[in-house]
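Take a look at the structure set out below.
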Amino acid sequence: MDAPPSDPLCEATPDEDLVESVCSGDPAPFDILYRRYFPRVFRFVARRLGNRADTEETVQEVFINLFSSLASFRGEAPFAAWVFGLTRRTVASRFKRRRAELIPLLGDEDEAVMRLGGVVSREPDPLEAYECRERLGRLSRAVREDLSPEQWQLFYLHHLEHRSIHDIACQVRKSEDAVKSHLYRARKTLLAR
């Protein structure tokens, strides 16, 4: 599943112009969009699926979805962002379809544990794993880009080391209200992601 060879004259055409041409009835510019986005979409999907056959099938589905929904591109955001939003939704829907095909079977031992109120540990399904990786990526970016070092330190001490507000205030030489305020802003920033 390789991208077709490129034409240097067409490669300089902006995405929006290519989309407009395709929407006007000329399907040829879609080949340029395909060549332009295929490598990045393929890497994006491969990182999430890890299986070449599933990746190839999903990438094909992404470009079919892309072609069939080009008319809905409004240009409010960069075309690349729109492409990767569509790619994310395609991958997520693939996980949901796969999840629906699974039939949970409980063995006698599992049923006994469930009756006793115990928790059966299990591996996350592909959708849960994908959503977790996406969420962790957004949180990591938020910590790096949106939190000050002081907010991160206070968040870390309180939520990851389970230190009390009083202990933290003494350690960083701030009032408890100041610590609470920083923690509130840090949580609000992280929850927005």
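The values are calculated or read from the model by the stated rules, or taken from the named source; none is laboratory data. Nothing here was measured: the structure is a model prediction, and the numbers come from that model. Every residue, glycine among them, receives a Cβ derived from its backbone with ideal geometry; neighbour counts consider all protein chains shown.
Kindly provide the set of residues from the stretch 155-180 that are closer than 19 Å to LEU139 by Cβ and part of a helix (DSSP H, G or I), ordered by number.
PHE155, TYR156, LEU157, HIS158, HIS159, LEU160
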Residue that is farthest from LYS174 (Cα to Cα), among those in the stretch 138-156 that are of a type in the set (Gly, Ala, Ser) and surrounded by fewer than 16 Cβ atoms within 10 Å (Cβ to Cβ): SER140
Residue in the stretch 119-135 that is modelled with pLDDT of 75 or more, surrounded by 13 or more Cβ atoms within 10 Å (Cβ to Cβ), among the basic types (Lys, Arg) and not assigned by TED's automatic domain parsing to the domain that holds GLU56 present: no
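Any residue at all in the stretch 51-73 that is within 23 Å of PRO27 (Cβ to Cβ), of a type outside the set (S, T, N, Q) and loosely packed, with under 12 Cβ neighbours inside 10 Å? I'd like the intermediate steps shown before the answer.
At the first step, the residues of the stretch 51-73 found to be within 23 Å of PRO27 (Cβ to Cβ) are 56-73.
From what is left, the residues that are of a type outside the set (S, T, N, Q) are 56-57, 59, 61-64, 66-67, 70-71, 73.
Pick out the ones that are also loosely packed, with under 12 Cβ neighbours inside 10 Å and you get 64, 71.
Yes: the stretch 51-73 contains one or more residues that are within 23 Å of PRO27 (Cβ to Cβ), of a type outside the set (S, T, N, Q) and loosely packed, with under 12 Cβ neighbours inside 10 Å.
Kindly evaluate ARG47 against the criterion of being part of a helix (DSSP H, G or I) and at pLDDT below 90.
yes
Looking at the structure I just gave you, is LEU18 in contact with a helix residue (DSSP H, G or I) (Cβ under 6 Å, 6 or more places away or on another chain) and more than 18 Å from PHE79 (Cα to Cα)?
Details: in contact with a helix residue (DSSP H, G or I) (Cβ under 6 Å, 6 or more places away or on another chain): yes; more than 18 Å from PHE79 (Cα to Cα): no.
Taking the combined requirement at face value, the residue does not satisfy it.
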Of all residues making up the stretch 38-55, the number that are within 12 Å of the chain's Cα centre (by Cα) and of a type in the set (Val, Ile, Thr): 1
Condition broken by LEU183, with the remaining ones in (1) surrounded by fewer than 15 Cβ atoms within 10 Å (Cβ to Cβ); (2) assigned to a helix (DSSP H, G or I) satisfied: (1)
